[in-house]
1. Yes or no: the stretch 9-16 includes at least one residue that is surrounded by fewer than 14 Cβ atoms within 10 Å (Cβ to Cβ), among the aliphatic types (A, V, I, L, M) and at pLDDT 85 or above.
2. If a residue must be among the aromatic types (F, W, Y) and within 14 Å of T103 (Cα to Cα), how many such residues does the stretch 50-66 contain?
3. Please enumerate the residues belonging to the stretch 55-78 that are modelled with pLDDT of 90 or more and within 11 Å of the chain's Cα centre (by Cα).
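The values are calculated or read from the model by the stated rules, or taken from the named source; none is laboratory data. Predicted model only: the values in this text are computed from it and were never measured. No Cβ is skipped: glycine too gets one built from the backbone with ideal geometry, and neighbour counts run over all protein chains shown.
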Amino acid sequence: MAFANIDEISKKRVRKFWEMLRQQPLSSIFAACTPETWAELDQNLAQFGDEDYKKMAGVILAWLDKHHYEPIKEALQTVKKDPLGDNETPPPPSESEQPITNTALRSAIKAAQSQSQQPSQSST
């Protein structure tokens, strides 16, 4: 039985992180993220091209480890290899599964960062 390669898993993890950011940037899963940690992640991702998925996924996972963001990491770890039969080829990705670019990911991070700053600014 063959498995999807690490690049496919990395693409899926980057996509899932991006989707989580877009769907629930201020939800409890991201509550511990500060503007400073968002800025750190954005800065770490800035050095990669739009399709360096393996490196992008590695940076995201390392950032989650460094800051002990276990709930987010656990959600990303659910992305596993898809088993394929010996003579099967993976189906083409649907439009909703197209890879997310680093630019789009960083844009979502900046949106989450600005949203996490808003509550603290309004309480002053």
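1. No, the stretch 9-16 contains no residue that is surrounded by fewer than 14 Cβ atoms within 10 Å (Cβ to Cβ), among the aliphatic types (A, V, I, L, M) and at pLDDT 85 or above.
2. Result for the stretch 50-66: 1.
3. Once the filter is applied, which keeps residues that are modelled with pLDDT of 90 or more and within 11 Å of the chain's Cα centre (by Cα), the stretch 55-78 yields M56, A57, G58, V59, I60, L61, W63, L64.
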